[in-house]
Every structure is written in structure tokens, then in C-alpha cells.
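The values are calculated or read from the model by the stated rules, or taken from the named source; none is laboratory data. These figures come from a predicted structure and were not determined experimentally. FYI the Cβ positions are ideal-geometry reconstructions off the backbone, even for glycines, and counts take in every protein chain you see.
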Amino acid sequence: MLADLRASGWRLLVSARGVLRHEGFAYAVDNGAWTAHQKDEPFDTGAFMAAVELLGASADFVVVPDIVCGGVGSLELTRRWLPWTMQRTRRVLVAVQDGMAPADVAGLLSERVGVAIGGSTEWKEQQLAARAWDASYLHVLRVNTQRRIRLCAWAKADSFDGSGPSMYDATRRQCTEAVHAINRQVNLW
């Protein structure tokens, strides 16, 4: 599967809750909050710190700890972790969640601090369709369909992730096709 991902031009998002290796790919580091959310477990501080210490310095970015669908409470957690994470990485991303607005994070953003759009699928898609977020770097979390890839392009996202391409050949092919179609598209307006 890794050979297929490499041949298709994919990169890796290494989860703090997963195996901490990048297999020679360009990569970013996720904080593991999604895994904790799925398993109804608390955020794993130790796993996040270990991932950042091992991989953070060479990562394209690190997603600062957040609370999935946690709104402003998520932002409070992110603010606490932001200084520590910035000392160890080149770029960090603030994960925005349901109910947050661009004004909530405007004071945090800079050339080294961008945005990762998370939250519920419905909220995320609304944010993408509205092109609501302007940041030096814009990433979209959990994108596993051609439709969402097109929304990412519409919103001018710099990158997106999704586990589907690494787990299912059909999803990898469909998502790769969507990315290639967008890259070939000529804007007529």
C-alpha cells in the first residue's frame, strides 16, 4: 500500500496515537485527538509530546491539541499548547471546530501558525463552501471523498488528509483522480 501511495504522490499524516514513523515520505503530525474522540478516551498528552519530540522538527506542520467538535473549549486547549509546540516545529496549525469563527483565532495566526479545519462533517463543508478561513496555511482534516476534495480546492486549501486512501485502493484511486482533475482544471473566470 505504501508503494501505491508513493507512486500516486501522496504524503503522510502521522498520528500521535499511531506508529511514529514516516516511511521516507514528506509528512505532518496530527495530535491524536481524533483517535481519542473515536475511542471516547481523554487526550493522550504523553503520546502527543513524544510524537512532537521525535518528528516535529522535520514535519511540514503539527496540529496543536484540540477537542473534536469542541468549539471555543477546543481553542482554550490549543492556546495552552501553542507555545510548547511552536518551540519544537516549523509550522503549527490551529484546528478550528464547530461554532468557531475566523475572529476567534485571528490573533493567533501568523506565517508559522495556520488553520486546520476540523469539526463535524456538516460544519466543515459549510466552512469550505463559504471560504471562511484565511490563513498563511490552510489544511482540512478528514477528507475522503472526491466531493470534499473539490470543496478543498474551492476554499483554496493548501492540503488535506484522510485515512481512506491509505486503507482502500478504490478510495486512493478516486481521491488521486480528483486531485489530478483539479490540477488540470483551467479557471475561466
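From Arg79, Arg90, grab the single residue that is part of a helix (DSSP H, G or I), charged (D, E, K, R) and modelled with pLDDT of 95 or more.
None of the other options fit; the residue is Arg79.
Which of the residues spanning the range 118-133 are at pLDDT 90 or above, surrounded by fewer than 17 Cβ atoms within 10 Å (Cβ to Cβ) and part of a loop (DSSP other than H, G, I, E, B)?
Ser120, Arg131
Output the number of residues of the range 72-88 satisfying the condition of being closer than 14 Å to Asp98 by Cα and surrounded by 16 or more Cβ atoms within 10 Å (Cβ to Cβ).
Here the count works out to 2.
Taking the criterion of being free of Cβ contacts under 8 Å to residues at least 60 places away in the same chain, touching a His at 6+ places or on another chain (Cβ under 8 Å), closer than 14 Å to Ala28 by Cβ and aliphatic (A, V, I, L, M), would at least one residue in the range 64-80 satisfy it?
no
Those residues that are among the charged types (D, E, K, R) and over 11 Å from the mean Cα position of the chain (by Cα), I need them from the range 94-150; list them, please.
Listed by number, the residues that qualify are Asp98, Asp104, Glu111, Arg112, Glu122, Lys124, Glu125, Arg131, Asp134, Arg147, Arg148, Arg150.
Residues of the range 134-185 being within 19 Å of Gln38 (Cβ to Cβ), surrounded by 17 or more Cβ atoms within 10 Å (Cβ to Cβ) and modelled with pLDDT under 75, which ones?
Of everything in the range 134-185, those that are within 19 Å of Gln38 (Cβ to Cβ), surrounded by 17 or more Cβ atoms within 10 Å (Cβ to Cβ) and modelled with pLDDT under 75 turn out to be Pro165, Thr171.
For the structure I just gave you, tell me whether Trp189 is aromatic (Phe, Trp, Tyr), at pLDDT 90 or above and outside any helix (DSSP H, G or I).
It is false that Trp189 is aromatic (Phe, Trp, Tyr), at pLDDT 90 or above and outside any helix (DSSP H, G or I).
Can you tell me which of Glu23, Glu41 is part of a loop (DSSP other than H, G, I, E, B), at pLDDT 90 or above and charged (D, E, K, R)?
Answer to the check: Glu41.
With the condition kept exactly as written, say whether any residue in the range 26-38 is in contact with a Pro (Cβ under 6 Å, 6 or more places away or on another chain), within 17 Å of Gly162 (Cβ to Cβ) and part of a loop (DSSP other than H, G, I, E, B).
The answer is yes, given that some residue of the range 26-38 is in contact with a Pro (Cβ under 6 Å, 6 or more places away or on another chain), within 17 Å of Gly162 (Cβ to Cβ) and part of a loop (DSSP other than H, G, I, E, B).
Considering only residues that are farther than 18 Å from Leu93 by Cα, of a type outside the set (Ser, Thr, Tyr) and touching a residue at least 24 places away in the same chain (Cβ under 8 Å), which ones fall in the range 131-147?
Listed by number, the residues that qualify are Asn144, Gln146.
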